[in-house]
Structures are given as C-alpha cells and as structure tokens.
Amino acid sequence: MGALLEVEDLYFRYHDGTPALNGISLSIDRGEKVAILGPNGAGKSTLLLHFNGIYLAQQGKVRVAGEEITRDNETRLREKVGMVFQDPDDQVFSPTVWDDVAFGPLNQGLDRKEIEERVFQALQAVDMWDLRSRAPHHLSHLSYGQKKRVAIAGVIAMNPEVIVLDEPTAFLDPAGQESLMEILAELYQRGKTIIIATHDVDMAAEWADKVIILKGGKILAQGDTMLLVQDTLVKDAGLRFPVVSQVFQRIPSLVVRPLPRTVDEAANAIATLLPDRKEKDNHRIVS
Ligand SMILES: Nc1ncnc2c1ncn2[C@@H]1O[C@H](COP(=O)(O)OP(=O)(O)OP(=O)(O)O)[C@@H](O)[C@H]1O
Ligand SMILES: [Mg+2]
C-alpha cells in the first residue's frame, strides 16, 4: 500500500511566465494531518490546486491512491479529493446556501434523501443551517466568513477521502476557528486525510502531524512540528515561533527542551516545574 497522495518533481509556470512551483516532491499517507506553510507567493495555493486536478502537472507527476491525475481522470479523482479554495467567492455560486452545498452531492448522482441528509449534516457542522435559504453569491447577503463556512460545508457534503483547505481559518471569528478545529477533528476521526495551507503557526503547531514549509516554489523543509521552532528555518520562511514556544524562550531560566509548541505541552511543562501540589493548585509558577 503506497501513499495516498504523491507529488513527484512537480513544476508549474503560470501563463505570464511566473514560475510558481520549481520541483516539488512529497508524499502524504492516509489519515495524516498536514499543514503547508510559507510566505505569500511561496506556491501553497498553486500546489493545492494540483491535488485534485484543477491544475495539471506541466512537468512531474501527482498521484492519488497510486493513480496519476491526468485530463482523463481528473473528474473522477476530484470526488476523492475535495478542495476548499482560499477565496470563497471562487467557490460559492448557487442561488441559496442549501443549493450550493447540495451541488456536489447532486453531481455525484446521490438520491434525494441522501442529498438532504448530507446537506443537513454539513450545514449543521459549520453552523449555517439557519441561513440555508440565503443567497451566498450576493455579497450583501452573507459575510466573508459565512461564505467560507458554506464552502467548507460544500466539501464535507461530498464526503471525499482527502480534504484540502486553503487558508481555512482566515476571516473566521474565534468561535468559527474553534468550530473549524472541531470539524477537522471529527473528519480526522472518520479517517479523512486533511491538508491545509495556512499562515497560522499556532494552529499548525496544535494540529498537524506533518509540516511542509514552502518558499519560492520549493520545499524548504518537511517533518513534524519541531520544524516550527527551528530558528534559522523559521526566519528563512517568514514564519514565527508558536506563541506558547515564545513564552518559554523569553524566560531563559525556564529550560524546557524540546520547546513546547502546544498549549497542552506548555501546561504540562509548567506543571512539572512547580515544586509541589499546593502551588500547582494555586497556578503559581516558580522557576
Ligand atoms: N493566476 C496567476 N497568474 C500568474 N501568476 C500567478 C497566478 N497565481 C499565482 N501566481 C504567482 O505564483 C506564485 C505562487 O502563488 P501562490 O498563490 O501559489 O502563493 P501562496 O503561497 O498561496 O501565497 P499566499 O500566502 O499569498 O496565499 C506567486 O509568485 C504568484 O505571484
Ligand atoms: Mg495562497
């Protein structure tokens, strides 16, 4: 059994000659949670658009479940890999929110009852069921964050194996970001493979199994979230350390290695530094 998604020496140049991808190779296993990071213009969105055949490789290969994506099978493979675009205005276009989410399942040829159930579940998941009769394409009728939620629901409703999300937390309010994390956790529980492009290093540190850092259309590094606290790499990629890691860095006497990257890791590290139970209960930190 090979990787679920494989990219081999991928190159891509836009019509105006801009070289966006310059030799990308990566491999993603079933059930992995992958965060792709890197500065503006690094090639993240361009790469994601190759994962379900919206862009076809100009040089190199992209394979889904061992099958190379080509012009002949891109439609079929698109059912396996669902994509939430960076800009929901590129994705949300039907007369109502309900129709928009039903569009994918309808095209999959599902029966009416199944479609209704899928749309209900997906809109409940993104907390947009109450707005199901609104017109999403009309800018004045939905906020940007609400359109983003509709776009996410549209992909959930198609039940793809791989879910790719470009900047999923951008424009979502804190509660919306939290519920997105819950949705991603639930999809992960259901065995989905999830790939996101994000600038949110805190979210990547909390969430990802694998981190891929892009710059100039090339992979600078790939590995676990330890990459997010590698000083030279982080500077080179225009990133920053996760906030919890920065706190530990600021207090030189608090030597905890590896640097905590998640809230849980930080809380555990602090708890072990506390001299006794009583002080832990008072939440006083003594270094
Ligand atoms: N339609 C296009 N035509 C020409 N060049 C493009 C087009 N879309 C993107 N590019 C260029 O391709 C390169 C990669 O862009 P891409 O959008 O993939 O970057 P990104 O990492 O997603 O950036 P961001 O963080 O801003 O979303 C950039 O140099 C960009 O200017
Ligand atoms: Mg982008």
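Sort through 200, 166, 173 and tell me the only one that's open to solvent by 10 Å² or more (accessible area, probe 1.4 Å) and either within 16 Å of ligand 1 (Cβ to nearest atom) or of a type in the set (Lys, Arg) (or both).
It is 200.
Scan segment 75-104 for residues that are crowded, with 16+ Cβ neighbours inside 10 Å and out of contact with any helix residue (DSSP H, G or I) (no Cβ under 8 Å at 6 or more places or on another chain) and jot them down.
Those that are crowded, with 16+ Cβ neighbours inside 10 Å and out of contact with any helix residue (DSSP H, G or I) (no Cβ under 8 Å at 6 or more places or on another chain): 77, 78, 80, 81, 87, 96, 99.
Out of curiosity, is residue 107 at negative phi and either at pLDDT below 95 or loosely packed, with under 14 Cβ neighbours inside 10 Å (or both)?
yes
If residue 237 meets every condition in (1) in contact with a helix residue (DSSP H, G or I) (Cβ under 6 Å, 6 or more places away or on another chain); (2) within 15 Å of ligand 2 (Cβ to nearest atom); (3) hydrophobic (A, V, I, L, M, F, W, C) apart from one, which number is that one?
Exception for residue 237: condition (1).
If a residue has to be surrounded by 15 or more Cβ atoms within 10 Å (Cβ to Cβ) and farther than 22 Å from residue 198 by Cβ to count, how many in segment 7-60 make the cut?
Of the residues in that region, 6 qualify.
Which of the residues spanning segment 10-54 are more than 10 Å from ligand 2 (Cβ to nearest atom), assigned to a loop (DSSP other than H, G, I, E, B) and in contact with a helix residue (DSSP H, G or I) (Cβ under 7 Å, 6 or more places away or on another chain)?
If the condition is that a residue be more than 10 Å from ligand 2 (Cβ to nearest atom), assigned to a loop (DSSP other than H, G, I, E, B) and in contact with a helix residue (DSSP H, G or I) (Cβ under 7 Å, 6 or more places away or on another chain), then 52, 53 are the ones that fit.
Can we say residue 217 is on the phi > 0 side of the Ramachandran plot and surrounded by fewer than 16 Cβ atoms within 10 Å (Cβ to Cβ)?
Answer is no for this residue.
The values are calculated or read from the model by the stated rules, or taken from the named source; none is laboratory data. All of these numbers come straight from a predicted model, not from anything done at the bench. Ideal geometry is used to build each Cβ from the backbone, glycine not excepted, and the neighbour counts take in all protein chains shown. Side chains included, ligands, DNA and RNA excluded: accessible areas come from the protein's heavy atoms. Shrake-Rupley method; radii C 1.70, N 1.55, O 1.52, S 1.80 Å.
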